[in-house]
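The block underneath contains the structure these notes are about, expressed in structure tokens.
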Amino acid sequence: MKSNARLLFVIGALLPTLAIYGWVRVYPILDVLNLSMHEWNLISKNRPFIGFDNFVELSGDPLFHEALRNTTVIAFGVLFVTVPLAMVLAALIHSRTGSRLAGFYETSVFLPHVVSLVPAAMAWKWIFDARLGPLNAALGLFGVAPKAWLFDPVLSVVCLIVLCSWQALGFAVLIFLVGIKNLPTSLYEAARLDGATAVQSFLYVTVPMLKPIILYVSVVTLVAGFNVYGQAFVLASDAQGAPGQLVRVLVLDMLENGFRNYRVGYAAAEAVVLLLVVLALTAIQFGLLRDKGARA
Amino acid sequence: MTAAPLDDRRPTPRERAVALATDALLLAVCAVMLLPLVLLVSNAFKTPPDILRWPPAIFPREATLDNFRAVLSDTPLLRWLWNSTLFALLSTAAILTTSSIAGYVFAKFRSMPLDIVFGVILATAIVPFEVYMIPLYFNVQALGLLNTTWGLLVGYLVMSFGIFLIRQNVIASIPDELLEAARVDGAGETWIFVRIVVPLLRGPLGALGVLAFFQAWTAFAWPMIVATTKESYTVEVGLALFQTGFTVDLGRLSAAAAVVLLPSITVFSLLRRQFVQGVATSGLKD
């Protein structure tokens with residue numbers, strides 16, 4: 001009787017949520033796998049099964065190669081800028097914990113991570129603007145010739161890395177700060193008694209102790225980097241929105257194939273590639289974590 | 001230098017110099033982080049020649065509201081703001097409801113089948129939204145909800161991390177004895193959930209709510225494909241398309257961006273603690 005009531009509650013409460021979850025998460029994930037092996041033009045009732053043909057075609061598609069290359073460069077670029085910088089900043093901010101400015105530091109580093117992506121990207125678009133932007137004007141003071149930041153294929157990728165790092169930094173600093181606060185102070189006292197300088201205790205105590213968190217932040221940053229889209233959309237389209245000037249990234253290429261070229265199966269195959277990248281990164285993270293656990 | 005001082009002695013001159021240098025460096029970093037946003041907002045109040053002046057000033061020479069007037073008459077910006085607000089509020093409500101129910105059940109009614117279901121939820125959490133948004137689009141299309149706020153909402157009804165967060169909090173902070181005592185007193189399961197569990201979860205639900213709101217407010221790729229009529233744009237989509245249009249008027253673009261930016265900065269500064277708490281726990285989920 002009593003357990004009946006509990007069973008009824010569990011079913012009644014959970015069923016709607018699980019139904020929604022299945023419909024907006026589980027089913028679409030399975031469906032994208034299914035679609036990737038079909039050819040479908042969005043309208044036709046006919047959806048022939050074509051096995052791995054979409055993936056074979058992707059492997060020879062120059063636009064997809066370009067997208068994959070750009071996206072990979074951006075993701076790893078953001079990683080290499082963000083993670084070391086964030087660790088140093090977190091350590092510096094932590095060292096000023098008692099200071100009245102500590103809250104200000106945390107908030108201002110974190111703010112770019114919170115604000116809407118499009119206006120923030122617009123601010124950087126103005127900064128990078130070749131004619132009106134302050135970046136070229138500032139470089140001009142040092143005798144550097146103005147550059148067309150957003151029109152050069154290499155420079156525009158650099159600009160995207162700057163924008164994405166600026167946004168990702170706050171998250172990484174916050175997570176590292178939590179990690180550093182949880183480290184036992186006795187380690188630092190021991191290091192100090194052994195005559196370690198602040199820099200040494202950062203390199204030989206903080207960094208090794210934070211390894212799992214570094215790993216976590218790295219994977220989150222990489223995954224976010226592989227999903228970059230809005231930043232590229234805003235930053236790398238010129239005033240007339242000429243598509244030729246876009247930095248092609250994976251999500252953009254996928255949406256273009258799906259909704260502009262009406263090749264849904266092909267777009268789904270690209271989504272599956274994105275999924276495989278993310279799964280591989282996650283597997284590496286867990287693999288490295290397990291390594292560490294085994295040694296301890 | 002991450003260690004707290006060993007005792008209460010006064011800082012040596014050397015330590016004070018290090019602290020001063022650290023502050024100077026950190027203030028410079030903060031300037032780089034904040035200046036793009038500050039200058040954008042300030043550009044919104046500047047006249048065209050003032051915007052082009054070098055070096056860019058933080059305070060406009062003669063502040064003007066012309067840019068705002070122009071942009072509000074050029075674009076349905078207020079309509080887009082309303083769409084985004086409604087979408088974000090509905091999404092927050094949906095995520096808080098689904099997460100608290102599912103998190104509570106997964107925490108307190110442990111059984112093999114439920115543990116398996118929870119495992120599936122954790123596994124799908126790894127998959128980024130961008131991977132499955134095309135099939136999800138067809139779900140919305142099948143319901144005839146394209147170009148509506150409800151259609152947008154379909155993508156943001158649940159949050160795997162939310163379910164996980166509430167489950168952890170229920171396990172950590174709500175003892176079984178409390179629930180058993182209520183049952184002995186004759187309380188029904190629904191009453192226990194609504195009257196005992198939910199009030200005890202106020203803290204984590206606040207943090208989750210802020211996260212959910214900002215997640216929807218800043219969503220881009222999904223609204224970009226689901227809302228394709230000028231009437232149904234969210235503010236992010238509207239702004240992104242407006243800035244690729246033929247207007248290169250920097251003042252107007254900045255004004256439009258400032259209108260979008262200022263509410264989210266205000267909300268963030270009011271709810272900073274919940275937000276930081278939510279993001280911080282998301283990092284410790286392993």
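Computed from the coordinates by the stated procedures, all read-outs in this text should not be read as laboratory data. In this text, all values refer to a predicted model and were calculated from it rather than measured experimentally. Here the Cβ positions follow ideal geometry from the backbone for every residue, glycine too, while neighbour counts run over all protein chains shown.
Select from A:L160, A:L281, A:W40 the residue farthest towards the positive end of the dipole of chain A; place +1 on Cβ of Lys and Arg, -1 on Cβ of Asp and Glu, and compute about the Cα centre. The residue sitting farthest along the positive end of the dipole is A:L281. Under the simplified labelling scheme, the A:N261-A:F80 pair shows an inter-label distance of 3.0 nm, with each label point 7 Å from Cα along Cα→Cβ. Can you compute the label reach from A:I11? Point 7 Å from Cα along the Cβ direction, backbone N cut-off under 12 Å, restricted to region B:97-116. Nothing falls inside the zone, counting backbone N under 12 Å.
Does chain A come out rounded, prolate or oblate, given a ≥ b ≥ c as the square roots of the eigenvalues of its C-alpha gyration tensor, rounded meaning a/c under 1.5 and, failing that, prolate meaning a/b above b/c? Don't skip to the answer; put the middle values down first.
Numbers: a/c = 2.02, a/b = 1.16, b/c = 1.74.
Oblate.
To the nearest ten degrees, helix B:129-142 and the longest principal axis of the Cα atoms of chain B are 80 degrees apart. Modelled this way, with points 7 Å down the Cα-to-C-beta line, the labels at A:L288 and B:N147 are 4.7 nm from one another. Comparing A:V199, A:V223, A:V234 in a Gaussian network model of chain A (Cα springs below 10 Å), the most mobile by mean-square fluctuation is A:V199.
Relative to the present Cα-Cα distance, how much length would full extension add between B:E62 and B:V32 at 0.36 nm per residue of separation?
Working: separation 30, 0.36 × 30 = 10.80 nm, distance 2.51 nm.
Full extension from B:E62 to B:V32 adds 8.3 nm.
Structure remark: mean-square fluctuation, Gaussian network model of chain B, C-alpha springs under 10 Å; the largest value among B:S73, B:S232, B:S91 belongs to B:S73. Modelled label positions at A:E66 and A:A130, each set 7 Å beyond Cα in the direction of Cβ, lie 1.8 nm from each other.
So which helices of chain A fit the span-like rule, where a helix is a whole DSSP H run, its Cα atoms reach 30 Å or more along the axis, and its mean Kyte-Doolittle is at least -0.5?
Going by DSSP H runs, the hits are A:62-95, A:153-181, A:264-295.
Which loop-located trypsin sites (Lys or Arg not before Pro) does region A:125-221 contain, where loop means any DSSP state but H, G, I, E or B and the Cβ has at most 12 other Cβ atoms within 10 Å? Walk me through the numbers on the way to the answer.
Details: sites: A:K125, A:R131, A:K147, A:K181, A:R192; in loops: A:R131, A:K147.
Hits after loop and neighbour filter: A:R131.
Considering only alpha-carbon pairs that sit under 8 angstrom and 6 or more positions apart, the relative contact order computed for chain B is 30 percent. B:K46: which aspartates and glutamates have alpha carbons under 20 Å from its alpha carbon, excluding same-chain residues fewer than 8 sequence positions away? Answer for B:K46, where 20 Å is the Cα cut-off: A:D129, B:E62, B:D66, B:D74, B:D249, listed by chain and number. Listed from fewest to most Cβ neighbours within 10 Å, the set B:W191, A:W23 follows the order B:W191, A:W23.
What's the angle, to the nearest 10 degrees (0 to 90), between helix B:272-283's Cα axis and the longest principal axis of chain B? For helix B:272-283, the angle is close to 60 degrees.
In this calculation the C-beta distance from B:L78 to B:L270 is compared with R0 = 22 Å, giving a FRET efficiency of 0.50.
Computed from the C-beta positions of A:N34 and B:A181 and an R0 of 41 Å, the FRET efficiency is 0.25 to the nearest 0.05. Note on chain A: GNM, Cα springs under 10 Å; of A:A271, A:A90, A:A283, the largest mean-square fluctuation is that of A:A283.
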